[in-house]
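Every read-out reported here was derived from the displayed coordinates using simple, explicitly stated rules and does not represent laboratory data. What you are looking at is a predicted structure, and each value in this text was computed from that prediction instead of being measured. Virtual Cβ from ideal backbone geometry, glycine too; neighbours counted across all protein chains shown.
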Amino acid sequence: MPNVDLSDRQKAILRLIVQEYIRSATPVSSKMITHDYSLGVSSATVRNEMAILEELGYVLQPHTSAGRVPTDAGYRYFVENLMVWDMLPFNEQCMISHQFHQARLELDQWLQLSASILAHTSHNAALITVPKGGCCLLKHLEIIAVQDTIALLILVLQGGIVKQQILTLEQPTPQAELSMLARQLTAEWLGLTAHGVTNCPKQFMPLGQVVQQVVGEAMERIDARYSSDVYRDGLLNLLNQPEFKDERNNLHQIIRALEEHWVIEQLVSATLQGGGIQIIIGGEDKWNELSQISIVLASYGVNDKVSGVMGVLGPTRMPYERTVSVVRYMSQLMSDLIGNLYG
């Protein structure tokens, strides 16, 4: 859903609804907003603005007599337009840094401690993947005719990884034409990551477009493999969240999904490609199993050497400002520690 240009008053009211609902887990009424905050308008005006926000899909009213609660779209608008991106308080930085200085100089200890600190500091669940070598880079590809409408794609990546995949052609294609296409694509994609191949702006013939999709997806799968080693902590913290106290079956479904490697692999791939802090709200229509939670993720490591992903997951009613500051600080701290190992 695209962001609508809200008025300053509507932005202020939406911010208060999100912040108050995160704090209390109860619907936010117009009376509460006018009583607790000085907006300089009447309760009726606030109700009218809330009705507009509801029409736009940013809030909803669980019951006729209840106040409003944010929708996933409301949370998305909040994190993209209204959230204050602040630093983790200095005293907490010092406390966390001290814990790492007390730990042994071992990666395993750092990973366990990172997951524990993320979970404890956010009061939600946390995960961190073991840092592995950087994204694969394309070195060479060949397309070899096998039958009239079947060809073999051979993908060679830097580091010696070789992948083969069958291509179905729309029509018989001479080997000379396939070889010319392979040379053109190799020259265009040499040294690119999966993201670079997939988003290459050059327009190719239909078969080239098919190869572009196949190569990009194959490289993404290879990049995602190193999410198989994951440290987790704090899953039981989700039991204390009001959203899940009476819905244990839904919570169990979420936990099972996070135990599945393919979910973690996709999250890792999305984070490494996107860079920076990634905030996934309600599954973003990509992961139905995660429709009731939000995840704040960040990559860490040393550019072109090793990288991993860490993050916090909890209900969509997550304190995003606080969580982002924790994840951002921890990712920088772990990047510094890993940098010392590879310095």
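The convex hull defined by the C-alpha atoms of region 138-225 has an orientation-averaged projected area of 5.2 nm². So, counting K/R as plus one and D/E as minus one, what does the shell of residues with Cβ under 15 Å around Q165 add up to? Summing Lys and Arg as +1 and Asp and Glu as -1 gives -1.
Per residue, the convex hull spanned by the Cα atoms of region 8-82 measures out at 83 cubic angstrom. Normalising the average separation of contacting C-alpha pairs (under 8 angstrom, six or more residues apart) by the number of residues puts the relative contact order of region 8-82 at 36 percent. What residue among M310, M318, M50 has the largest mean-square fluctuation in a Gaussian network model of the chain, using Cα springs under 10 Å? Result for the chain, Cα springs under 10 Å: M50 fluctuates most.
For the peptides 296-302, 334-340, 191-197, 283-289, the ranking by packing is 296-302, 191-197, 334-340, 283-289, with the highest mean count of neighbouring Cβ atoms within 10 Å listed first.
Spread over its residues, the convex hull of the C-alpha atoms of region 267-343 is 77 Å³ per residue.
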